[in-house]
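Contents: one structure, followed by commentary.
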Amino acid sequence: MSISAIILSGGRATRMNGVDKGLVPLQQKPLIQHVINRLTPQVDEILINANRELPSYQAFGYSVLQDEVEDFLGPLAGFSLGLQHAKYDYLLTVPCDSPLLPLDLAQRLMAALIENKAEIAVATSDGNSHPVFSLCKKTVLPSLTEYLQQGERRVSAWQKSQQYIEVDFSDCNEAFTNLNTFEDLAALELKLT
């Protein structure tokens, strides 16, 4: 089944002094390039949600979608854009700061979604949920629109209000390492050398 993906790169990165996280280098490549490299074999379309440095993101050659509201609604703004603009019936969401994401993320989430007749599948590992690593059907867009209009912003609360399934990725827990600080980045750089 064909899958669209959106890379969430629209945040403020307050713990990184406000730099645009997707463009921060790891092993001489921007973080988002690592994510793109891992996603490309898994999906049929890639979209990028970004709110700053738009020419830099457009240079990757994918559609770049900017939040429709200017006050940084968080990841759900990116989910909403992805669901509105995705070419295909399934949307995979991933953050721009997880360069080790699983190479079989889309496949495992899709298998669980279909098997459980769910609308949203979310990755978990070692008892932790990773709500921004999700696969959802485009049919959830009206419910998300209503949720955002009510002023709600919590990703997992909205997801759990749908037909929801969690998929265990404990076999590759490190894949969900996200880089919130320059210390996190330096530690990963050391580990990868």
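Listed values, structure above:
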quantity	calculated
Filter result for Val94 (more than 23 Å from Thr124 (Cα to Cα) and among the β-branched types (Val, Ile, Thr))	no
Region 178-193 residues that are closer than 20 Å to Phe133 by Cβ, paired with ones that are open to solvent by less than 60 Å² (accessible area, probe 1.4 Å) and part of a loop (DSSP other than H, G, I, E, B) (beta carbon under 6 Å, 6 or more apart)	Asn178/Asp97; Asn178/Ser98; Leu179/Asp97; Leu185/Leu179
Evaluation of Ala186 against (1) over 18 Å from the mean Cα position of the chain (by Cα); (2) at pLDDT 95 or above (one fails), failing number	(2)
Single residue of region 78-134 satisfying the filter (without any contact (Cβ under 8 Å) to a residue 60 or more places away in the chain and of a type in the set (D, E, K, R)) that is least open to solvent (accessible area, probe 1.4 Å)	Glu119
Unmet criterion (only one of (1) open to solvent by 10 Å² or more (accessible area, probe 1.4 Å); (2) within 14 Å of the chain's Cα centre (by Cα); (3) β-branched (Val, Ile, Thr)) for Ile165	(2)
Restricting region 28-51 to residues that are part of a loop (DSSP other than H, G, I, E, B) and at pLDDT below 95, the residue that is least open to solvent (accessible area, probe 1.4 Å)	Asn51
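The values are calculated or read from the model by the stated rules, or taken from the named source; none is laboratory data. Source: prediction; values computed, not measured. Glycine gets a Cβ as well: all are built from the backbone with ideal geometry, and neighbour counts include every protein chain shown. Areas reflect the complete protein model, heavy atoms only, side chains present, ligands, DNA and RNA absent. Shrake-Rupley method; radii C 1.70, N 1.55, O 1.52, S 1.80 Å.
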